[in-house]
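One structure is given here, and the rest of the page talks about it.
The values are calculated or read from the model by the stated rules, or taken from the named source; none is laboratory data. These numbers were taken from a predicted model, which means no experiment stands behind them. All Cβ positions, even for glycine, are placed from backbone atoms using ideal geometry, and neighbour counts span all protein chains on display. These accessible areas exclude ligands, DNA and RNA; they are computed on the full protein's heavy atoms, side chains included. Shrake-Rupley method; radii C 1.70, N 1.55, O 1.52, S 1.80 Å.
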Amino acid sequence: MSSVEIAAPIASLGYFTGENKTFTLAYPHTSSYIETEFNTTDGVNEYTIRDEGGYFYVLEQEGYLEGFDFYKEPGHGYIGEGMKPEFGIPLTYHLTVGVDQEEEEKLTGIDLSALKNPIPAQLEWSYSQYGAKRNIPIIYLSDSFVSLRAETSLSELDWGSEQTIQLKEELDLQDNEAFFFSEKYETLGDRLSKIERLNTEGIKIFLSDQIKPFYYEPFSYNYDGTFSGEENYSFGISETPIFYRTKPIDYTIRKDQTLEVKQIGQDSGVPVYREIEKQGVSVREKREDIPFLLYPVGTFTTKSHQESLAASPLGIYQQAPTTKLDDGTTLHETITPGSFISSPAHGIVSLEDAAYIKGDAPIDAIRLRVDGINSYNEEAIRKINDVILDISEIGGFDIVVVAGASPSPVIMDVEGVGEVEQSWTSLGAAATISEGWNTTNLLISSVFLMISIVYIVNHAMFRKYTKKNETKLLSDIGWKVRHIKQFHLIENYLLIIFSGILGGLILFILYLFNLVSSITLVIYLIIVLLTFLIPFLIIVLVKNKLRSTNRFNGVKFKKVWLKNVLFYKKLIILCFLQLIFVTFLFNFVPANLFVTNQSTGDTNLGVFINDLILILILVILVATLYIATTTIIDSISSFLFIRKEEILTLRDIGWRVKDIHNTFMKESIAWIIPSFIIGMAISIIISSTVLTFTVELVFLSICITLLLSIGSMILVYNLIKRTLKKI
Amino acid sequence: MILLKNINVTYPSLEKPILKNINLHIKTGEWVSLVGPSGSGKTSFLKVISGKLDTVEGNVIIHETDINGLSAHKRHEFIRRHVSTVYQQFRLLPQFSVLENIMLPLIPHENKKRIQSRARELIDEVGLTHRVTHFPHQLSGGEQQRVAFARALITDPSILLCDEPTGNLDTNNRDIILELLTQIHKKGKTIILATHDEIVAKKGKNILTFHEEDVHKGEVVL
Ligand SMILES: Nc1ncnc2c1ncn2[C@@H]1O[C@H](COP(=O)(O)OP(=O)(O)O)[C@@H](O)[C@H]1O
Ligand SMILES: [Mg+2]
């Protein structure tokens, strides 16, 4: 496809972990008991991570290595001579995607060249024994936040160097032999727990600055709150073949448009808000046939691109914070998969590796940038449509057009957390706005279609009448009113059925070509049915009126124009209907623009969509104005020609042109203005149900209707004048 | 009084004049019948008097006013006051009742209540009192024509032009119309009536015969 500038595929892989390490604490000054547990927080609640951390006894022994020997809780990793208090850092899980490096760089401008870095030879060598089938380089987001904290309690022990030496003797150990050489090492815990603890100090160690996803430098904590580099540590990538696939959060949409998020379970003591599914296997459990190992090889950053990346579809780089609604606290993802916060991608692997991990159909989306688009205009729309058409010919894709994207706030009520506001990158918002617009657009298009068709039919009808011998028509009407009435009603219905079927057919063809959705057809059907009702109602109402004028005829001379309107209602009715539709459009569309602009105009996307829609709307309004004008011109001049004989008679019995003009003017006002008012009323009713009712909206409608009325009166005035001259 | 001097009528689409060099004097209260074959110019002659033609040469003097010399507007106003016409096709408006049709000529000009009482008198005169609220399609041809007469008389014209008023009626209705015309004549109105019907024509005191070939030469005083 030549018109596609960039095609950047993306494969969403799930949540992965990277190289795991331990961190150490400096030696304390005296014999101590050190216990550490780990917390992760979503910003509101803290969760202690189960089965992590542990305890450590450091016991003074003068002259022995660094002056301490130790006892470490069994089953918690490496034990080595002279080791400092050391704790395994919990695994942290991070959203990882696969991309095509070059295309992605072109699309986003983010430097992903680190993906080309070689796998560290040392690390690769140490894991070669497991015979992983594939070594996968991964790069990670350097400016990401990992919500992790160590909670350490440090207790001074009533225990001196002599007691250590004495204990070693009891265990048949030499002074220079470490405790763990003893066969009774395992039982030592009980013995040491009986030592009196003199005082206990709680220390909170914030690890977020030290820990990055997938890889971080080893560090050691000094009790003064600072960190320093550490050479003695354990590390491993043995857990990297395990990952979690997540399903989207199952939101409940409330009436007020907020989303409700329920906790559906927990993982290591941390709440889980979406379904997660564990995949793969740990090297610790299975020492051969490992499908892959992840090797962190470098970093990427999106900081300087946050503005432009708002426009990046799927929002995989978007980092707008999620905040608590009441106090503005910033919320975080927990380190476990299943958080309610939709996170940006923390890890990136190559598309080939992603395909290897995911197997069949690895690509979730391909983001295209269409060539040569600088602004959103007709040409841009055409180009995009061409690409869409080409893609739909290939088939099997869901196509989403994101004209521009923007973070737009969504309010969620999260169980156990409260109401939070999260920025959703635009696809969500775009969908909402365009959905909202779709409904109104469908309404507008359907009404417009109806107007056009009624116009054609109305035109044809008048043609037919004007062609008829006028005298014959008059006497037809004059002699067989009741018969003609029925005939006209049936004729009206036939015309509406005819135009309804015609319009439906057009819409259906558009539907077959996927240009309109099925809702359009439904809305159209409703409009046609409503149209059916109107002539019936009017004819029934008007009929009764005619009878009453009949009855009181001798008593009072009714207004000439009124008698005429009632008498010729069959000719007027289609035109009347059409003007109702036209006024509806003229009131509803600006009202809609007005309201939608107020609610969505403040996001980039909203502005963009409105721009696009504005063009569409303008086209429809101009066409409507054209149709409305020609409708009035056509109807009134044909109407006058049909009544030529009547006009001549009035002239012959002494009426001046002025008198005839006046009467026809009143007559026209008598049906045009009501049609405007009805159209306006319908628009206000629909606007205030679909949108919101405001005084401004009513004011706007009244202004528009007033303008329409004045315009049409000027038009009608001149039209009658010209036509009367011709007669 | 109607005085026609050197009248020539040519229709724009025709080469020869339809009426040629007519000089005629019709005194007030006369009843003149116009006879002659179709297309001989009877209707055109009536249109000359009712000022409906724009292509008239000569003087059309009605009650000392040369209407051919008046502006279209003034002529229309003058004719409205002095001349009324009854047509073969009645030309009633279907959307109006009998009473309303009769009132119609004066609606733009006068107070409705006054018109209405005049219209009611006229309805009585033409013998349609029981039909006041009916509509034209509910009446017979003869009745419709009587409504047309009443409508013509509502302006109290001194001159009544009738263009084949009985052409669409049976003899019975024709006689009723003739009786009506006699009464109108008795009230001193000038009647000029074009007809094919010999009986109707003979009711007139003077009969003016139209021939297809230029008949109307020389001076005629009726
Ligand atoms: N408006 C007109 N334009 C052209 N010719 C006309 C017009 N009205 C009448 N004529 C012609 O003038 C002639 C006289 O017509 P008319 O006065 O109606 O005769 P009559 O009433 O005796 O039948 C006819 O030949 C007719 O065709
Ligand atoms: Mg004639």
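Filter region B:49-65 down to residues that are away from every other protein chain (no Cβ under 14 Å) and not hydrophobic (A, V, I, L, M, F, W, C), then give me how many there are.
Result for region B:49-65: 7.
Return the only residue of B:HIS130, B:HIS196, B:HIS134 being within 16 Å of ligand 1 (Cβ to nearest atom) and open to solvent by 40 Å² or more (accessible area, probe 1.4 Å).
Just a single option satisfies the conditions, and that option is B:HIS196.
Quick one: would you say A:ILE672 is at pLDDT 85 or above, within 18 Å of B:PRO108 (Cβ to Cβ), among the aliphatic types (A, V, I, L, M) and open to solvent by less than 20 Å² (accessible area, probe 1.4 Å)?
No; evaluated as a whole, the condition is false for this residue.
Among A:LYS666, A:LYS658, which is the only one that is open to solvent by 60 Å² or more (accessible area, probe 1.4 Å), in contact with a Lys or Arg (Cβ under 8 Å, 6 or more places away or on another chain) and modelled with pLDDT of 90 or more?
Numbers: A:LYS658 fails: in contact with a Lys or Arg (Cβ under 8 Å, 6 or more places away or on another chain).
After applying the criteria, what remains is A:LYS666.
Return only the number of the condition from (1) without any contact (Cβ under 8 Å) to a residue 12 or more places away in the chain; (2) part of a loop (DSSP other than H, G, I, E, B) that B:HIS130 does not satisfy.
In the conditions (1) without any contact (Cβ under 8 Å) to a residue 12 or more places away in the chain; (2) part of a loop (DSSP other than H, G, I, E, B), B:HIS130 misses (2) alone.
Filter region A:684-713 for residues that are within 25 Å of A:TYR626 (Cα to Cα) and loosely packed, with under 15 Cβ neighbours inside 10 Å and give the result.
Listed by number, the residues that qualify are A:PHE699, A:ILE702, A:CYS703, A:LEU706, A:LEU707, A:ILE710, A:GLY711.
Hey, among the residues in region A:652-676 that are free of Cβ contacts under 8 Å to residues at least 12 places away in the same chain and touching a helix residue (DSSP H, G or I) at 6+ places or on another chain (Cβ under 7 Å), which one's farthest from the other protein chains (Cβ to nearest Cβ)?
The selected residue is A:ARG656.
Restricting attention to region B:118-126, does a residue exist that is open to solvent by 30 Å² or more (accessible area, probe 1.4 Å), within 12 Å of chain A (Cβ to nearest Cβ) and either in contact (Cβ under 8 Å) with a residue 12 or more places away in the chain or not aromatic (Phe, Trp, Tyr) (or both)?
yes
Mind checking whether some residue in region B:89-106 is out of contact with any Phe, Trp or Tyr (no Cβ under 8 Å at 6 or more places or on another chain) and among the charged types (D, E, K, R)?
Within region B:89-106, the subset out of contact with any Phe, Trp or Tyr (no Cβ under 8 Å at 6 or more places or on another chain) is B:89-93, B:101-102, B:106.
Applying the additional criterion that residues be among the charged types (D, E, K, R) yields B:91.
Yes, there is a match, as at least one residue in region B:89-106 is out of contact with any Phe, Trp or Tyr (no Cβ under 8 Å at 6 or more places or on another chain) and among the charged types (D, E, K, R).
Out of B:VAL83, B:VAL60, B:VAL48, report the one residue that is touching a residue at least 24 places away in the same chain (Cβ under 8 Å), within 14 Å of the chain's Cα centre (by Cα) and more than 15 Å from ligand 1 (Cβ to nearest atom).
Going through B:VAL83, B:VAL60, B:VAL48 in turn, just one is touching a residue at least 24 places away in the same chain (Cβ under 8 Å), within 14 Å of the chain's Cα centre (by Cα) and more than 15 Å from ligand 1 (Cβ to nearest atom): B:VAL83.
What's the number of the condition B:ALA148 fails, among (1) within 16 Å of B:GLU179 (Cβ to Cβ); (2) within 12 Å of chain A (Cβ to nearest Cβ); (3) open to solvent by 10 Å² or more (accessible area, probe 1.4 Å)?
Answer for B:ALA148: the failing condition is (3).
Looking only at region A:108-124, how many residues end up being more than 34 Å from the chain's Cα centre (by Cα) and part of a loop (DSSP other than H, G, I, E, B)?
Count: 4.
Give me the pairs: first residue in region A:81-105 and open to solvent by 10 Å² or more (accessible area, probe 1.4 Å), second residue part of a helix (DSSP H, G or I), beta-carbon distance under 6 Å, and six or more apart or on different chains, which are they?
What qualifies is A:ASP100/A:LEU351; A:GLN101/A:LEU115.
Of all the residues that make up region A:276-290, how many are surrounded by 15 or more Cβ atoms within 10 Å (Cβ to Cβ) and either assigned to a strand (DSSP E or B) or touching a residue at least 40 places away in the same chain (Cβ under 8 Å) (or both)?
Selection size over region A:276-290: 4.
Would it be correct to say that B:ARG75 is in contact with a helix residue (DSSP H, G or I) (Cβ under 8 Å, 6 or more places away or on another chain) and within 8 Å of chain A (Cβ to nearest Cβ)?
Criteria not met by B:ARG75.
Across region B:153-165, which residue is nearest to the other protein chains (Cβ to nearest Cβ) among those that are within 16 Å of ligand 1 (Cβ to nearest atom) and open to solvent by less than 10 Å² (accessible area, probe 1.4 Å)?
Filtering region B:153-165 for residues that are within 16 Å of ligand 1 (Cβ to nearest atom) and open to solvent by less than 10 Å² (accessible area, probe 1.4 Å), the one nearest to the other protein chains (Cβ to nearest Cβ) comes out as B:LEU161.
How many residues, within region A:330-347, are part of a loop (DSSP other than H, G, I, E, B), open to solvent by 20 Å² or more (accessible area, probe 1.4 Å) and within 13 Å of A:SER147 (Cβ to Cβ)?
Going through region A:330-347 one residue at a time, the tally reaches 2.
Restricting attention to region B:177-191, does a residue exist that is within 16 Å of ligand 2 (Cβ to nearest atom) and at pLDDT 95 or above?
Checked against the condition, which is being within 16 Å of ligand 2 (Cβ to nearest atom) and at pLDDT 95 or above, region B:177-191 yields no hits at all.
Do we have B:LYS27 as open to solvent by 30 Å² or more (accessible area, probe 1.4 Å) and within 16 Å of ligand 1 (Cβ to nearest atom) here?
no
Among the listed residues B:LEU99, B:LEU92, B:LEU128, identify the single one that is touching a Lys or Arg at 6+ places or on another chain (Cβ under 8 Å) and more than 26 Å from B:ALA194 (Cβ to Cβ).
Only one candidate passes the filter, namely B:LEU99.
Can you tell me which condition B:ASN68 does not meet? The list is (1) more than 14 Å from every other protein chain (Cβ to nearest Cβ); (2) within 12 Å of ligand 1 (Cβ to nearest atom); (3) open to solvent by less than 50 Å² (accessible area, probe 1.4 Å), and all the others hold.
Every listed condition holds for B:ASN68 apart from (2).
Give me the residue from region B:8-55 that is among the aliphatic types (A, V, I, L, M) and away from ligand 2 (no atom under 16 Å from the Cβ) and, out of that set, modelled with the highest pLDDT.
B:ILE26
Could you please let me know if A:TYR27 is in contact with a Phe, Trp or Tyr (Cβ under 8 Å, 6 or more places away or on another chain), farther than 24 Å from A:LEU293 by Cβ and in a loop (DSSP other than H, G, I, E, B)?
Considered against the rule, which asks whether it is in contact with a Phe, Trp or Tyr (Cβ under 8 Å, 6 or more places away or on another chain), farther than 24 Å from A:LEU293 by Cβ and in a loop (DSSP other than H, G, I, E, B), A:TYR27 comes out as yes.
Do you know which residues across region B:89-117 are surrounded by fewer than 19 Cβ atoms within 10 Å (Cβ to Cβ), more than 8 Å from chain A (Cβ to nearest Cβ) and under 18 Å from B:ARG146 (Cα atoms)?
Result: B:SER117, single match.
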